[in-house]
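Chemist: This is the structure I want to talk about, given as structure tokens.
The values are calculated or read from the model by the stated rules, or taken from the named source; none is laboratory data. On a predicted model such as this, the values are computed, not experimentally measured, just so you know. A quick note on method: Cβ atoms are made from the backbone with ideal geometry, for glycine too, and the neighbour counts reach across all protein chains shown. To get the accessible areas, we keep the full protein, side chains included, count just its heavy atoms, and leave off ligands, DNA and RNA. Shrake-Rupley method; radii C 1.70, N 1.55, O 1.52, S 1.80 Å.
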Amino acid sequence: MTAPRLSAARLAAAPPPPEVARPGYDRAALRPAIVHLGLGAFFRAHGALYTEDVLNRQGGDWGIVGVSLQRPDQRDRLAPQDGLYTTLERGPVGERARIVGSLLGVLVAPEDPAAVLARLADAGTHIVSLTVTEKGYGHDPASGRLRLDHPDIAHDLANPAAPRSAVGFLARALQARRAAGIAPFTVLCCDNLPHNGALLAGLVQDFCRVQDSDLADWVAREVCFPSTMVDRIVPALAEADHAAALAATGFADEAPVGHEPFRQWVIEDRFGPLGRPAWEAAGAQLTQDVAPFEHMKLRLLNGAHSALAYLGYLAGHKTIVEAVQDPALRDYLQRFWAEVRPMVPPPPGQDLAGYTDALLQRFANPAIRHRTWQIAMDGSQKLPQRLLATARERLAAGLPIPALALAIAAWARYAGGVDEAGAAIDVRDPMAAELRATLQAAGDDPAARIAALLRLTKIFGDDLAGLPAFVAAVTAAYRHLLRHGARAAAAAI
Ligand code: CS2
């Protein structure tokens, strides 16, 4: 017998076992006040759950419409389920399932950009949140400026009525609201980028300024872009998640999402006139200054993740938990953190050694199978804020960077596309072709290969290739990696 597919009618008719939480509020009362661009596993296990918790505690009508900017698969999975899905919270001992109702529906931008624009421009849309990943902003990661030559940005400047990019959608929708005299929505960037609100405000203004400087000035004056720090480890969907959701709830779910128990959301409390849900009722921290939290998280969590992803992948580890079970990499991780912590001003009341101890526990959670390959993706967009900014600051203070240099060298080794056993690596990165061509042109000499990569100013800025201490440290680490392999190179730090 095939299991019944999760849907609103089935949920009402045959509730799951009592230990499975489900919407305790009236879904029919929700309105699409939040539009989320980039509906992936992360948002469904983070922002959508905070909103779900607020609805369960206080009621209200803050519903969410998701927008997929690229593919229809999330919509195809979620529409037959009326937007409902199962989350699986996985601790070191045991799993807790829950059915989430805060998502009302999903729009697929490439199929109908006009429908997305209409939703964004609608007076009922109060917040537009985003998780489009680092590469989804069409910016230059080193400088933080909009790339007018980015294919999607160039397309949207030429075809403003049918955008493809998040920035293009925001600009066009804000233009429509301004023209119609509708108050602007608040834009809530939830990607792992430094000063993400201010960064996105700058990108939208850059975009508008190309065509309409009045609009750009209005955006600068009237639209709020609070910064946020988001945190929860949410691996991509795995086949086994379907069976786990079914076993826990009794419903077949095509879109379950597994995640760790920990979550954190620090939000700059600067919203426009249309307000926000009381996310603090669900444990979000509303603050005047997100920067110290974001620094801590980007450098200590995401920086360590990237270091472990490249070194771990090269050493043959498929997941982060396998990587931290390897004594060589676990010891390296402690040295990495010891190198980074002095460059992180602690947020109020936060003890950084306690923070990294807790991170090690989170990384070691055996129920979370977070693939090194997944985290290794898009390194060109991640390195600047995760590793390079810290390296720059240490060198400016006259401090050595052996652990950071090894992580950067491991990225370079990975970007070469061949692993330590001689097998091809499936390098996913918007700059993959450029990285490959750069390394091919540089030939076999390790110093020449590193020098060529460091000349990619989109990643390394204008300065790092000219800093002898940086070049020497990364080149030495790269030679070590080539000669002795990732485990031995990590153990030698
Ligand atoms: C990871 C993040 O994929 C990655 O690059 O470092 O997705 C990480 O799991 C989250 O930022 C944790 O909050």
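Chemist: Go through segment 398-420 and report how many residues are outside any helix (DSSP H, G or I) and of a type in the set (A, V, I, L, M). Break it down into steps so the answer makes sense when it comes.
Modeler: Quick first cut of segment 398-420, residues outside any helix (DSSP H, G or I) only: 398-401, 416-420.
Checking which are of a type in the set (A, V, I, L, M) leaves us with 399, 401, 418.
The qualifying residues number 3.
Chemist: Conditions first: (1) away from the ligand (no atom under 16 Å from the Cβ); (2) open to solvent by 30 Å² or more (accessible area, probe 1.4 Å); (3) of a type in the set (Asp, Glu); (4) more than 15 Å from residue 250 (Cβ to Cβ). Residue 19 passes all but one, so which condition is the exception?
Modeler: (4)
Chemist: Are any of the residues in segment 421-433 among the basic types (Lys, Arg), modelled with pLDDT of 95 or more, part of a loop (DSSP other than H, G, I, E, B) and within 21 Å of the chain's Cα centre (by Cα)? If you could, list the steps in order and put the result at the bottom.
Modeler: Step one: list which residues in segment 421-433 are among the basic types (Lys, Arg), which gives 428.
When the remaining residues are screened for being modelled with pLDDT of 95 or more, the result is 428.
Remaining after also requiring part of a loop (DSSP other than H, G, I, E, B): 428.
Right, trim to within 21 Å of the chain's Cα centre (by Cα) and you get 428.
Looking through segment 421-433, at least one residue is among the basic types (Lys, Arg), modelled with pLDDT of 95 or more, part of a loop (DSSP other than H, G, I, E, B) and within 21 Å of the chain's Cα centre (by Cα).
Chemist: Which residue pairs have Cβ atoms closer than 8 Å, lie 6 or more positions apart in sequence or on different chains, and pair a first residue in segment 436-452 that is more than 21 Å from residue 470 (Cβ to Cβ) with a second residue that is at pLDDT 95 or above and open to solvent by 50 Å² or more (accessible area, probe 1.4 Å)?
Modeler: none
So that you can scan it fast, the table gives a plain yes or no per residue for (1) within 16 Å of the ligand (Cβ to nearest atom); (2) modelled with pLDDT of 95 or more; (3) at negative phi:
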residue: 218; (1), (2), (3): no, yes, yes
residue: 224; (1), (2), (3): no, yes, yes
residue: 229; (1), (2), (3): yes, yes, yes
residue: 247; (1), (2), (3): no, yes, yes
residue: 250; (1), (2), (3): no, yes, no
residue: 253; (1), (2), (3): no, yes, yes
residue: 263; (1), (2), (3): yes, yes, yes
residue: 274; (1), (2), (3): no, yes, yes
residue: 278; (1), (2), (3): no, yes, yes
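Chemist: Does any residue in segment 364-388 that is on the phi > 0 side of the Ramachandran plot come within less than 9 Å, Cβ to Cβ, of a residue that is part of a loop (DSSP other than H, G, I, E, B) and more than 10 Å from the ligand (Cβ to nearest atom) six or more places away or on a different chain, and which pairs are these?
Modeler: Going by the 9 Å Cβ cut-off, the qualifying pairs are 378/428; 378/429; 378/430; 378/431.
Chemist: Please determine whether any residue of segment 388-405 is of a type in the set (Asp, Glu), at pLDDT 95 or above and open to solvent by 10 Å² or more (accessible area, probe 1.4 Å).
Modeler: Step one: list which residues in segment 388-405 are of a type in the set (Asp, Glu), which gives 393.
Restricting the remaining residues to those that are at pLDDT 95 or above gives 393.
Checking the rest, the ones that are also open to solvent by 10 Å² or more (accessible area, probe 1.4 Å) come to 393.
Within segment 388-405 (the criterion being of a type in the set (Asp, Glu), at pLDDT 95 or above and open to solvent by 10 Å² or more (accessible area, probe 1.4 Å)), the answer is yes, since at least one residue qualifies.
Chemist: Then there is this: Out of everything in segment 294-333 that is away from the ligand (no atom under 12 Å from the Cβ) and of a type in the set (Gly, Ala, Ser), what residue ends up being nearest to residue 364 (Cα to Cα)?
Modeler: So the residue we want is 323.
Chemist: Right, another one. Given the structure, is residue 437 modelled with pLDDT of 95 or more and under 22 Å from residue 150 (Cβ atoms)? I'd like the intermediate steps shown before the answer.
Modeler: Working: modelled with pLDDT of 95 or more: yes; under 22 Å from residue 150 (Cβ atoms): yes.
Spelling it out, residue 437 is indeed modelled with pLDDT of 95 or more and under 22 Å from residue 150 (Cβ atoms).
Chemist: All but one of (1) without any contact (Cβ under 8 Å) to a residue 60 or more places away in the chain; (2) surrounded by fewer than 19 Cβ atoms within 10 Å (Cβ to Cβ); (3) on the phi < 0 side of the Ramachandran plot hold for residue 331; which doesn't?
Modeler: Against the list (1) without any contact (Cβ under 8 Å) to a residue 60 or more places away in the chain; (2) surrounded by fewer than 19 Cβ atoms within 10 Å (Cβ to Cβ); (3) on the phi < 0 side of the Ramachandran plot, residue 331 comes up short only on (1).
Chemist: Kindly establish whether residue 291 is of a type in the set (A, V, I, L, M, F, W, C), away from the ligand (no atom under 16 Å from the Cβ), more than 20 Å from residue 408 (Cβ to Cβ) and within 20 Å of the chain's Cα centre (by Cα). Steps first, please.
Modeler: On the way: of a type in the set (A, V, I, L, M, F, W, C): yes; away from the ligand (no atom under 16 Å from the Cβ): yes; more than 20 Å from residue 408 (Cβ to Cβ): yes; within 20 Å of the chain's Cα centre (by Cα): yes.
Yes; evaluated as a whole, the condition is true for this residue.
Chemist: Which members of segment 335-351 meet the condition of being open to solvent by less than 20 Å² (accessible area, probe 1.4 Å), closer than 19 Å to residue 387 by Cα and in contact (Cβ under 8 Å) with a residue 40 or more places away in the chain?
Modeler: To start, the set of residues in segment 335-351 that are open to solvent by less than 20 Å² (accessible area, probe 1.4 Å) comprises 336-337, 339-340, 344, 347.
Narrowing the set further to residues that are closer than 19 Å to residue 387 by Cα leaves 336-337, 339-340, 344.
The answer is 336, 339, 340, 344.
Chemist: Name the residue that is nearest to residue 298 (Cα to Cα), counting only residues in segment 173-223 that are within 23 Å of the chain's Cα centre (by Cα) and of a type in the set (Asp, Glu).
Modeler: 191
Chemist: Among the residues of segment 457-493, how many are open to solvent by less than 20 Å² (accessible area, probe 1.4 Å) and under 26 Å from residue 144 (Cα atoms)?
Modeler: Filtering segment 457-493 down to residues open to solvent by less than 20 Å² (accessible area, probe 1.4 Å) leaves 459-461, 464, 470, 474-475, 477-478, 481, 485-486, 489-490.
Imposing the further condition that a residue be under 26 Å from residue 144 (Cα atoms) reduces the set to 459-461, 464, 470, 474.
Within segment 457-493, residues that are open to solvent by less than 20 Å² (accessible area, probe 1.4 Å) and under 26 Å from residue 144 (Cα atoms) number 6.
Chemist: If you don't mind, another one. Quick one: which residue in 395, 360 is hydrophobic (A, V, I, L, M, F, W, C), assigned to a helix (DSSP H, G or I), within 16 Å of the ligand (Cβ to nearest atom) and assigned by TED's automatic domain parsing to the domain that holds residue 416?
Modeler: Numbers: 395 fails: within 16 Å of the ligand (Cβ to nearest atom).
None of the others qualify; the one that does is 360.
Chemist: Of all residues in segment 374-386, count the ones that are open to solvent by less than 10 Å² (accessible area, probe 1.4 Å) and away from the ligand (no atom under 12 Å from the Cβ).
Modeler: Total meeting the criteria: 1.
Chemist: A further question on this structure: Any idea which of (1) farther than 23 Å from residue 129 by Cβ; (2) open to solvent by 70 Å² or more (accessible area, probe 1.4 Å); (3) assigned by TED's automatic domain parsing to the domain that holds residue 121 is the one residue 2 doesn't satisfy?
Modeler: Result: residue 2 passes all but (3).
Chemist: Among 100, 128, 132, which is the only one that is of a type in the set (Val, Ile, Thr) and out of contact with any helix residue (DSSP H, G or I) (no Cβ under 6 Å at 6 or more places or on another chain)?
Modeler: Values: 100 fails: out of contact with any helix residue (DSSP H, G or I) (no Cβ under 6 Å at 6 or more places or on another chain); 132 fails: out of contact with any helix residue (DSSP H, G or I) (no Cβ under 6 Å at 6 or more places or on another chain).
None of the other options fit; the residue is 128.
Chemist: Also, quick follow-up: Among what's in segment 56-69 and is touching a residue at least 60 places away in the same chain (Cβ under 8 Å) and outside any strand (DSSP E or B), pick the residue that is least open to solvent (accessible area, probe 1.4 Å).
Modeler: The residue in question is 69.
Chemist: Could you tell me how many of the residues in segment 70-89 are open to solvent by 30 Å² or more (accessible area, probe 1.4 Å) and either polar (S, T, N, Q) or more than 22 Å from residue 28 (Cβ to Cβ) (or both)? Write out each step before concluding.
Modeler: Initially, segment 70-89 is screened for residues open to solvent by 30 Å² or more (accessible area, probe 1.4 Å), giving 70-77, 79-80, 82, 89.
Subsequent filtering for residues that are either polar (S, T, N, Q) or more than 22 Å from residue 28 (Cβ to Cβ) (or both) retains 70-74, 76-77, 89.
Adding up the residues that qualify gives 8.
Chemist: Is there any pair linking a residue in segment 34-46 that is outside the structural domain of residue 282 (by TED's automatic domain parsing) to one that is in a strand (DSSP E or B), with Cβ under 8 Å and at least six apart or on different chains, and which?
Modeler: none
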